[in-house]
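Just below is one structure, and these are the notes that go with it.
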Amino acid sequence: MKPGREVIVCRNESEIADCLQVRRGVFTVEQGIDAAEDLDGKDSRAVHALARVDGKPVGTARVVIEGKTGRVGRVAVLRQWRKQGIDVALIEAVKKEARKRRVTEYILDAQISATGFYEKIGYVKTGREFMEVGIPHIKMQKKGELNGFEEQSFAQTQQGTTQDTRAEQGESKTAFC
Ligand SMILES: CC(C)(COP(=O)(O)OP(=O)(O)OC[C@H]1O[C@@H](n2cnc3c(N)ncnc32)[C@H](O)[C@@H]1OP(=O)(O)O)[C@@H](O)C(=O)NCCC(=O)NCCS
């Protein structure tokens with residue numbers, strides 16, 4: 001990483017607050033996604049990574065762990081800092097942490113405009129395009145990972161926690177990136 005740049009795995013509330021600030025800048029201000037859609041109740045059990053330049057938050061990504069599967073999401077880099085390798089470093093940081101927790105498969109719902117980025121780092125498209133928060137998305141997974149994976153049944157077998165239970169715990173079912 002260039003001098004003055006760093007990517008960290010968040011360890012406290014203030015670092016996660018910096019991630020949420022970047023997400024507001026990209027998803028709500030730039031892309032017009034309702035902030036309530038972004039705060040889906042999953043952040044408290046996710047691994048978050050934060051990128052900073054000269055101490056200022058410029059990018060973030062998270063992975064929500066479900067057994068051996070990690071759902072990558074909320075991937076955002078402020079416009080002026082894009083195409084400089086920051087997102088690659090963010091995804092690697094959350095995956096390094098997830099690997100310590102025995103995660104071996106990665107899935108995500110990618111915005112169509114970002115699929116080129118994920119294909120560059122080895123993800124492949126699965127399934128058909130769908131609309132989420134008014135933006136076209138498609139499911140992607142990292143090569144070599146499970147096919148025909150039914151997330152809900154996997155979560156039930158692995159953790160005995162269903163989407164419904166998570167909904168009861170205040171988590172939304174919206175799965176934009
Ligand atoms: C998608 C996004 C996170 C990429 O972040 P970034 O920091 O610019 O990505 P990087 O610089 O690490 O890119 C790594 C490589 O992918 C390429 N790349 C980046 N974004 C790309 C895109 N949208 N399509 C195709 N290739 C892309 C880069 O050019 C770079 O290629 P190189 O290695 O040949 O130089 C950023 O554009 C963003 O925040 N977009 C708005 C929010 C969004 O769409 N988030 C993802 C939702 S799924």
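Please count how many residues of region 76-102 are touching a Lys or Arg at 6+ places or on another chain (Cβ under 8 Å), modelled with pLDDT of 95 or more and under 18 Å from E66 (Cα atoms).
Adding up the residues that qualify gives 1.
List the pairs whose first member sits in region 118-135 and is within 18 Å of A93 (Cα to Cα), whose second member is in a loop (DSSP other than H, G, I, E, B), and whose Cβ atoms are under 9 Å apart, counting only residues at least 6 apart or on separate chains?
From region 118-135, the pairs are G122/K143; G122/G144; Y123/K143.
Matching residues to (1) surrounded by fewer than 21 Cβ atoms within 10 Å (Cβ to Cβ); (2) assigned to a loop (DSSP other than H, G, I, E, B):
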{"position": "E6", "(1), (2)": "yes, no"}
{"position": "V22", "(1), (2)": "no, no"}
{"position": "V29", "(1), (2)": "yes, no"}
{"position": "G32", "(1), (2)": "yes, yes"}
{"position": "G41", "(1), (2)": "yes, yes"}
{"position": "T60", "(1), (2)": "no, no"}
{"position": "L108", "(1), (2)": "no, no"}
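On the given criteria, is V75 assigned to a strand (DSSP E or B) and either within 14 Å of C177 (Cα to Cα) or open to solvent by less than 20 Å² (accessible area, probe 1.4 Å) (or both)? Don't jump to the end; show me each part of the working.
Details: assigned to a strand (DSSP E or B): yes; either within 14 Å of C177 (Cα to Cα) or open to solvent by less than 20 Å² (accessible area, probe 1.4 Å) (or both): yes.
Yes: the conditions hold for V75.
So, of the residues in region 86-102 that are without any contact (Cβ under 8 Å) to a residue 60 or more places away in the chain and near the ligand (Cβ under 7 Å from one of its atoms), which turns out to be least open to solvent (accessible area, probe 1.4 Å)?
That would be D87.
How many residues, within region 20-48, are at negative phi and touching an Asp or Glu at 6+ places or on another chain (Cβ under 8 Å)?
Just the residues of region 20-48 that are at negative phi, to begin with: 20-31, 33-40, 42-48.
Next, from what is left, pick out any that are touching an Asp or Glu at 6+ places or on another chain (Cβ under 8 Å): 20, 23-24, 27-28, 40, 42, 47-48.
Here the count works out to 9.
Only one of these conditions is not met by K120: (1) within 7 Å of the ligand (Cβ to nearest atom); (2) within 16 Å of the chain's Cα centre (by Cα). Which number is it?
Going through (1) within 7 Å of the ligand (Cβ to nearest atom); (2) within 16 Å of the chain's Cα centre (by Cα) one by one, K120 breaks only (2).
How many residues does region 46-70 hold that are closer than 17 Å to D109 by Cα and in contact (Cβ under 8 Å) with a residue 60 or more places away in the chain?
Of the residues in region 46-70, 2 are closer than 17 Å to D109 by Cα and in contact (Cβ under 8 Å) with a residue 60 or more places away in the chain.
Evaluate the following for R128: is it closer than 23 Å to I16 by Cβ and among the basic types (K, R)?
On the way: closer than 23 Å to I16 by Cβ: no; among the basic types (K, R): yes.
So R128 does not fit the description; no.
Failed condition for K139, given (1) at pLDDT 95 or above; (2) near the ligand (Cβ under 10 Å from one of its atoms), with all others met?
(2)
The values are calculated or read from the model by the stated rules, or taken from the named source; none is laboratory data. Source: prediction; values computed, not measured. Don't worry about glycine lacking a Cβ; one is built from the backbone with ideal geometry, like all the others, and counts go over all protein chains shown. For accessibility, only protein heavy atoms count, side chains too; no ligands or nucleic acids. Shrake-Rupley method; radii C 1.70, N 1.55, O 1.52, S 1.80 Å.
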